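The values are calculated or read from the model by the stated rules, or taken from the named source; none is laboratory data. Predicted model only: the values in this text are computed from it and were never measured. Every residue, glycine among them, receives a Cβ derived from its backbone with ideal geometry; neighbour counts consider all protein chains shown. All accessible areas refer to the heavy atoms of the entire protein, side chains included, with ligands and DNA or RNA removed. Shrake-Rupley method; radii C 1.70, N 1.55, O 1.52, S 1.80 Å.
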Amino acid sequence: MAKLQNVTRAHLGLLLANLVWAVNYPFYKVLMPHYITPVALATFAVTVAGLLGLVSLFWGGIEKIDRNDIYKFIGAALLMGIAKKLLLMIGMQHTSPIEASIIATLGPILVLVFSFFFGIDRFTPMKVFGMVLGMGGALLVIRGGGAVTSGEKLMGNLFVVGAIAASSFSMVWLKGLIMKYRPITVLRVYYPMAAVMLLPFGFDSMIHTDFAAMPAEALWMFFYVILIPTFGPNYLLIFSLHYVKPTISSVFFYLQPVGAAILSVALHMDHLTWERVVGALVVFAGVFFVVRSYKSTISSPMHQLDG
């Protein structure tokens, strides 16, 4: 019963985290490059997350880190704290919020492939069906707006692909590290590390950001993207990986195009069509089938061992 409750909490946490991340795409497009550079925004976000990690040391016990795991934490800082952030923000300059969010749906496939090679997961008909269904729905969300990837957007989309690949690989490669330490411990270590690595490159851009030129709407978007989508959602992601496989965690990426599309319409950056409504329903159906494919393994010893 406790195991089932933790799995349910993990699913709810993944739902919330991906909806929070979906908001990033339209906000990034508003902020960059008109008011702030990608390097400056990435540095602000990672630095704030690093400070939150250090502040969290004032409550809760401090977990000892094995010396052999330091290199893995450095890898986590490079992959999640720097590569994902920088590549995503640079890519957002050259593509649309919804196109960037649809590229994020490559995550589940990449995670499943990486998990297969690492021996963590395996392909099953229901998993494949759910992923294909989810990606089909996400594509319908994009096509519903008539968005066609042009040559000028290709570079931006490739940067976003790089960001999703870095995130997907880290979810699999760091599975052992995540299972070994508490979620708060992981964040306390790799975010400050990432901030130390990124600050020498982004500090100049940070101090030359003209906040006085930002209207009130842009300012609250700025504070959202540097405060909300980093520490909290990543805590939920790491927590979920204690109880579900990386593949089932990554399938919630499919919710991001839906959230990004809804917010883009609300901000008058895009418009709603019936294709996007149907696509959103298909996305949720895809998530349901992938989650359902793991139901029979929740109580099995192998599932408990694999996390």
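Determine whether region 52-66 contains at least one residue that is within 28 Å of Ala261 (Cβ to Cβ) and of a type outside the set (S, T, N, Q).
no
Between Val290, Val196, Val258, Val278, which is of a type in the set (Val, Ile, Thr) and closer than 17 Å to Leu16 by Cβ? Residue meeting the stated conditions: Val258. Against the test of being of a type in the set (A, V, I, L, M, F, W, C), closer than 30 Å to Gly61 by Cβ and at pLDDT 85 or above, the options Ala216, Ala194 yield a single qualifying residue, Ala194.
Test Asp210 against the stated conditions and say whether it is touching a residue at least 60 places away in the same chain (Cβ under 8 Å) and acidic (Asp, Glu).
Numbers: touching a residue at least 60 places away in the same chain (Cβ under 8 Å): yes; acidic (Asp, Glu): yes.
Judged against the criteria, Asp210 is a match.
Screening Met302 on (1) under 30 Å from Ala76 (Cα atoms); (2) modelled with pLDDT under 80; (3) surrounded by 14 or more Cβ atoms within 10 Å (Cβ to Cβ) shows it passes everything except condition (3). Please indicate, with yes or no, whether at least one residue in region 93-115 is over 30 Å from Gly50 (Cβ atoms), assigned to a helix (DSSP H, G or I) and of a type in the set (Phe, Trp, Tyr). No, region 93-115 has no match at all.
The set of residues in region 7-58 being assigned to a loop (DSSP other than H, G, I, E, B) and at pLDDT 90 or above consists of Tyr35, Ile36, Thr37.
Select from region 91-118 the residues that are of a type in the set (A, V, I, L, M, F, W, C) and either surrounded by fewer than 23 Cβ atoms within 10 Å (Cβ to Cβ) or touching a His at 6+ places or on another chain (Cβ under 9 Å) (or both) and write down the one among them that is modelled with the highest pLDDT.
Filtering region 91-118 down to residues of a type in the set (A, V, I, L, M, F, W, C) leaves 92, 98, 100, 102-104, 106, 109-114, 116-118.
Subset that is either surrounded by fewer than 23 Cβ atoms within 10 Å (Cβ to Cβ) or touching a His at 6+ places or on another chain (Cβ under 9 Å) (or both): 106, 109-110, 113-114, 116-118.
Values: Leu106: 73, Ile109: 74, Leu110: 77, Val113: 78, Phe114: 84, Phe116: 79, Phe117: 81, Phe118: 79.
By that ranking, first place goes to Phe114.
The single condition from (1) surrounded by fewer than 22 Cβ atoms within 10 Å (Cβ to Cβ); (2) modelled with pLDDT of 85 or more that Thr149 fails is (2). Being open to solvent by less than 30 Å² (accessible area, probe 1.4 Å), assigned to a helix (DSSP H, G or I) and either in contact (Cβ under 8 Å) with a residue 40 or more places away in the chain or farther than 30 Å from Leu267 by Cα (or both) holds for only one residue in Met131, Met135, and it is Met131. Among the residues of region 5-33, the one identified as under 17 Å from Pro246 (Cα atoms), buried (at least 20 other Cβ atoms within 10 Å of the Cβ) and polar (S, T, N, Q) is Asn18. Inspection of region 196-203 finds no residue satisfying the criterion of being farther than 17 Å from Ala40 by Cβ and small (Gly, Ala, Ser).
Taken together, the residues in region 245-286 that are more than 23 Å from Asp121 (Cα to Cα) and among the hydroxyl-bearing types (Ser, Thr, Tyr) amount to 2. Of the helices (runs of 4 or more DSSP H) lying entirely inside region 180-275, the ones with 1 or more residues being of a type outside the set (Gly, Ala, Ser), in contact with a helix residue (DSSP H, G or I) (Cβ under 7 Å, 6 or more places away or on another chain) and surrounded by fewer than 22 Cβ atoms within 10 Å (Cβ to Cβ) are found at 183-207, 216-227, 231-240, 255-266.
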